[in-house]
Amino acid sequence: MIAVSGLALSGLIVWGVNAAARTAHAPSAPPFAVATTLPGLAAPTGEPQLASIARMHPTTGAVVPAAGPFDDRFVLQDLRFDGARVTGVVDVTSDVSEVLELQVLAGFYDADGALLGTDRFVHHLTDDGGTDPTTGTPQEHTAFSIAVPAEFAGRALSVSLGVPVLVNE
Amino acid sequence: MVAGTAGAASARDDARDNRNRAANVIYLLGDGMGRTHVTAARERYYGTDGKLSMETLPSQGFISTYAVKKLSGQPGSKTFQPNAVTASAATARSSGVKTYNAALGVNATGTVKPTIMELAKKSGLRTGNVSTAEITDATPAGQLSHALARGCQGPVYSSAACQDLAITGTALPTTDIRVTPIADQIARNGTADVILGGGLGRFDAVDEEALTDQGYSVLGSPTTQTVATKTDLASASGAKVFGLFNTGNLTIEKTKQEKPTSAEAQEPTLSEMTSKAIALLTQKASKGESKTKKGFYLQIEGALIDKRSHANDAAQTLGEMKAFDDAVKIAKDFAAKDGNTLVIVTADHECAGFNIIEKGTFTNAEASAPPANVDSGNPANNSTPIRPRNSKDATRSAGIINGAGSTDPKNFGPATFRVPTDAAHVVDGSPEAGLWLSYLSGNHTGADVPVYAYGPGSDQLNGTIDNIALFGIVGHALQLVS
């Protein structure tokens, strides 16, 4: 069982509802009903990975897709790899009003097709009333660019790409 | 006598309280459903003199849906900061607090707030949550989880999706419920006995094990990503059932009807899920099951009204409205027979500024200029703008969007639909069709939304209320708050 730490819970208990129920000040309820521990759930320790990337051995020059949980919701297009960075576009094909969250994970491989390491593109839509005019527009078309990490410079000869995080509505 | 007066008042309060109690509450949410969505669906399917099922419910009113800014206090406090943009309504309804747009089950300062469904479960009621969206989407998740950010849906954690440093200052430990992926919460907290909808892709093998360990009958399989079917649903039984029928959102009804042999057509309708959820929640306890059933709390969401409104697809929007209203009828019929069930039908916010325009007219979006205002010389009409007669701009108005103008991606023309009183030869997408529809935008609006109610305490829904008041009305009906 994993204890929840640093959790703020409202202790306010306000009784007396009926007349107040129609007002803007709705009654509160005791917090005891909230399950703040989730038995058996291992706490995540880092950013998401894709097991498929570790299993792949792409040939030199290849840019290939890596399997992930949302492969039926997008297509990768305009993929290019020049040895220094991989670029492309994620076109979401399921319902879209906003792409709230998107991560594109790139695996970089050496001449033997052995995985050197990964890096990622992260899109996060700030959703607080559309105060950022650049994030208030529906997006189905998200361009990404992921540079080869410096420690693999010159050795990364192929790439796999997958999407471990996608939330759109 | 003061004492006698107080006693009489107390007795009246008690009597009123008892009148507002219900054994069951069925809460139906048409996501994005504004007043015009209701009117358009009525005219489309039942004619101008007909009624949707929701419109036959005796108590009717409107609900305001505004959100607040991050770190805002609640209404009435000195730090209250309203935000006209509408979302976060799920938390307002389920937890009775205003919050910021991305928040679920927490207030605007990030404090966890119990939900009605959690309180119902804790008090021994049976609980159900049904949606045509992913079950981790905001409306169902607003009853089942606590998250700083609605994008923290799973199946995996990411800091960008789950943390919100504007609220917490520093990143929370990943053990904190507020940054735990919503799918992980739903699979483990046991808040809903019956979970039906979409979003199988958010759940994995570990989640399936957690569900099975709690006694859920899991339809399909998160482990193999095998979606459940309506056949699975029909044969489902037990006190706890978890069935997700698509890896993402469920398929719109119009597509299923047009492709009846497709895999997607094996998804149940919202009506079928509603009927089954009620049946599961009202079944008598079998041997070995707890006999704590005092009633139930069931939330039903028609989610795709919103999603197809975002897309400005009026045909699909209307189809989803019909599917939602068919589910309302299921709930209404149950409540009429049961006699002790409160049914509330409402929306979280309006989506896309859906409008019915007069047949043969055009909108500002199609026009070369705003409407004429040339009579400023008239002292009664002497406001500032002076504009000549407007006209349609051919580059913005290329014909009826579900007819002659359907191939122009820049066309702002209306969608038209036949209504029951149209002549037999009149078809959708023609200028002769009686119902002309347009959209203001592709996003949510701040308009109040309609509410319809039936059953004990439903008269509290007459008039206009704020969405956080729904928490008190439902909580009081089920004796979760007093």
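Rule-based calculations on the coordinates, nothing more; no lab input. Bear in mind the structure is a predicted one, so any value in this text is a computation, not a measurement. Glycine also receives a Cβ, built like all others from the backbone with ideal geometry; neighbour counts cover every protein chain displayed.
Determine the shielding of peptide B:167-179 by partner chains: average, over its residues, the number of Cβ atoms on other chains within 10 angstrom of each Cβ.
Working: counts 0, 2, 0, 1, 0, 4, 6, 6, 13, 8, 9, 5, 2.
Neighbouring Cβ atoms belonging to other protein chains average 4 per residue here.
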Problem set entry | Exercise: per-residue mean of other protein chain Cβ atoms within 10 Å, B:193-202 | 1
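Report the relative contact order of the stretch A:56-168, percent, no decimals, based on alpha-carbon pairs under 8 angstrom and at least 6 residues apart. Could the numbers behind the result be given before it?
Numbers: 264 pairs, mean separation 47.8, N = 113.
Relative contact order, the stretch A:56-168: 42 percent.
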Problem set entry | Over the stretch A:56-168: Rg over Rh, Cα atoms, Kirkwood Rh | 1.02
For this session: Treat each spin label as a single point 7 Å out from the Cα along the C-beta direction, and report the residue B:60 to residue B:391 distance in nm.
Result: 4.2
Exercise. Residue-wise, which Karplus ³J(HN,Hα) couplings in Hz belong to the stretch B:419-436, taking 6.51 cos²θ - 1.76 cosθ + 1.60, θ = phi - 60°, and x for glycine or proline?
Worked result: 10, x, 8, 5, 4, 4, 7, 6, 10, 4, x, 9, x, 7, 5, x, 10, 10
For this session: Name the long-range amide H neighbours of residue B:373: under 5 Å, sequence gap of 5 or more, or other chain; modelled H, no Pro or chain starts.
Result: B:387
Seminar exercise, completed: Farthest towards the positive end of the dipole of the protein assembly as shown, among B:103, B:481, A:37 and with Cβ unit charges of +1 on Lys and Arg and -1 on Asp and Glu, lies the Cα of B:481
For this session: Report the residues of the stretch B:137-166 in range of a label on residue A:122: point 7 Å along Cα→C-beta, backbone N strictly under 17 Å from it.
Result: B:148-166
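Based on the Kirkwood radius over alpha-carbon pairs, what is the Stokes-Einstein translational diffusion coefficient of the stretch B:308-463 at 10 °C with 1.306 mPa s viscosity, in µm²/s?
On the way: Rh = 18.6 Å.
In µm²/s, the coefficient is 85.
What's the whole-number percent of alpha carbon pairs in the protein assembly as shown lying beyond 49 angstrom?
On the way: 32357 of 211575 pairs.
So the portion of pairs separated by more than 49 Å is 15 percent.
Viscosity 1.306 mPa s, temperature 10 °C: Stokes-Einstein D of the stretch B:437-482 from its Kirkwood Cα radius, in µm² per second? Working shown, then result.
On the way: Rh = 12.8 Å.
Rounded, D is 124 µm²/s.
Only sites in a loop by DSSP and with at most 12 other Cβ atoms within 10 Å count here; which GluC sites (Glu not before Pro) in the stretch B:319-425 make the cut? Walk me through the numbers on the way to the answer.
Working: sites: B:320, B:350, B:358, B:366; in loops: B:358.
Here the sparse-neighbourhood loop sites are B:358.
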Exercise. Can you give me the pair-distance distribution of the stretch B:201-359, C-alpha pairs, 10 Å bins, whole percents?
Worked result: 9, 32, 35, 19, 4, 1, 0
Exercise. Alpha carbon centre of the stretch A:36-57 versus the stretch B:183-259: separation in Å?
Worked result: 21
Problem set entry | Low-density loop cleavage sites - trypsin sites (Lys or Arg not before Pro) in the stretch B:40-107, where at most 13 other Cβ are within 10 Å (DSSP) | B:51, B:78
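Given that compact globular proteins tend to follow 2.2 N^0.38 Å, what is the ratio of the alpha-carbon Rg of the stretch A:32-112 to that value?
Working: Rg = 17.1 Å, N = 81, 2.2 N^0.38 = 11.7 Å.
It is 1.47.
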Exercise. How long is chain B along each principal axis, judged by its Cα atoms, biggest number first, in Å?
Worked result: 75, 71, 53
For this session: List the residues whose amide H sits under 5 Å from the amide H of residue B:397, counting only those 5 or more places along or on another chain, with H placed 1.01 Å from N in the peptide plane.
Result: B:412
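Would you mind giving the three semi-axes, in whole Å and largest first, of the ellipsoid equivalent to the stretch B:156-292 according to its Cα gyration tensor? All intermediate terms of the calculation are to be shown ahead of the outcome.
Values: eigenvalues 168, 93, 32 Å².
Here the semi-axes work out to 29, 22, 13 Å.
Assuming R0 = 25 Å, what is the FRET efficiency of residue A:89 and residue B:440, from their Cβ-Cβ distance, to the nearest 0.05?
Details: r = 29 Å, r/R0 = 1.17.
That gives a FRET efficiency of 0.30.
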For this session: Pick out, from B:247, B:115, B:390, the residue whose Cα sits farthest towards the positive end of the charge dipole of the protein assembly as shown, with +1 on the Cβ of Lys and Arg and -1 on the Cβ of Asp and Glu.
Result: B:115
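At 0.36 nm per residue, minus the direct Cα-Cα distance, what do residue B:359 and residue B:237 gain on full extension? Give it in nm, one decimal, please. Show your work: numbers first, answer last.
Values: separation 122, 0.36 × 122 = 43.92 nm, distance 5.00 nm.
Residue separation times 0.36 nm, minus the Cα-Cα distance, leaves 38.9 nm.
Expected output is a single nm value to one decimal: the length gained when fully extending between residue B:333 and residue B:48, i.e. 0.36 nm times separation in residues minus the C-alpha distance. What is it? Mind showing how you got there, number by number?
Values: separation 285, 0.36 × 285 = 102.60 nm, distance 2.33 nm.
Value of the extension gain: 100.3 nm.
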Seminar exercise, completed: With the charge dipole of the stretch A:56-168 built from beta-carbon charges (+1 for Lys and Arg, -1 for Asp and Glu) about the Cα centre, the Cα from A:104, A:115, A:145 projecting farthest to the positive end belongs to A:115
Problem set entry | Assigned charges on the beta-carbon of Lys, Arg, Asp, Glu; the protein assembly as shown dipole about Cα centre (debye) | 1780
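Over 18 Å between C-alpha atoms is what I'm after, so list which of B:51/B:332; B:254/B:359; B:240/B:284; B:276/B:332; B:51/B:256; B:256/B:307 land there. Please report the intermediate quantities before stating the final value.
Values: B:51/B:332 14 Å; B:254/B:359 24 Å; B:240/B:284 13 Å; B:276/B:332 15 Å; B:51/B:256 25 Å; B:256/B:307 16 Å.
Pairs exceeding the cut-off: B:254/B:359; B:51/B:256.
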Problem set entry | Listed residue pairs exceeding 25 Å between alpha carbons, taken from B:230/B:322; B:98/B:121; B:78/B:98; B:78/B:121 | B:78/B:121
Exercise. Across all directions of projection, what mean area in square nanometres is found for the Cα convex hull of the stretch A:32-71?
Worked result: 5.1
Problem set entry | Partners for residue B:113 among aspartates and glutamates (Cα-Cα distance below 16 Å; same-chain residues under 8 apart left out) | B:176
For this session: Kindly provide the pair-distance distribution of the stretch B:7-161 built from C-alpha pairs, with 5 Å bins from 0 and whole-percent values in order of increasing distance.
Result: 2, 8, 13, 16, 16, 16, 14, 9, 5, 2, 1, 0
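Order B:265-277, A:80-92 from most to least packed using the mean count of other Cβ atoms within 10 Å.
Working: B:265-277: 22.4, A:80-92: 16.6.
By packing density, highest mean first, the sequence is B:265-277, A:80-92.
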Exercise. Once phi is turned into θ = phi - 60°, what whole-Hz ³J(HN,Hα) does the Karplus curve with 6.51, -1.76 and 1.60 give for every residue of the stretch A:59-71, x standing for Gly and Pro?
Worked result: 7, 3, x, 7, 10, 10, x, 10, 5, x, x, 10, 5
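Relative contact order for chain B: what percent, with Cα pairs under 8 Å and sequence separation of 6 or more?
Numbers: 1127 pairs, mean separation 120.8, N = 482.
Worked out over chain B, it gives 25 percent.
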For this session: Would you mind checking which residues have amide H under 5 Å from residue A:116's amide H? H placed 1.01 Å from N; only 5 or more apart, or other chain.
Result: A:108, A:109, A:110
Exercise. Using θ = phi - 60° and the Karplus curve 6.51 cos²θ - 1.76 cosθ + 1.60, what whole-Hz ³J(HN,Hα) does each residue of the stretch B:136-152 get, with Gly and Pro shown as x?
Worked result: 8, 5, 4, 5, x, 5, x, 8, 10, 8, 9, 9, 5, 9, 5, x, 7
For this session: Determine, from the Cβ-Cβ distance of residue B:165 and residue A:42 and an R0 of 30 Å, the FRET efficiency 1/(1 + (r/R0)^6), rounded to the nearest 0.05.
Result: 0.80
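Rg/Rh for the stretch B:46-130: what does it come to with C-alpha atoms and Rh from Kirkwood?
Working: Rg = 16.5 Å, Rh = 14.9 Å.
In the stretch B:46-130, Rg relative to Rh is 1.11.
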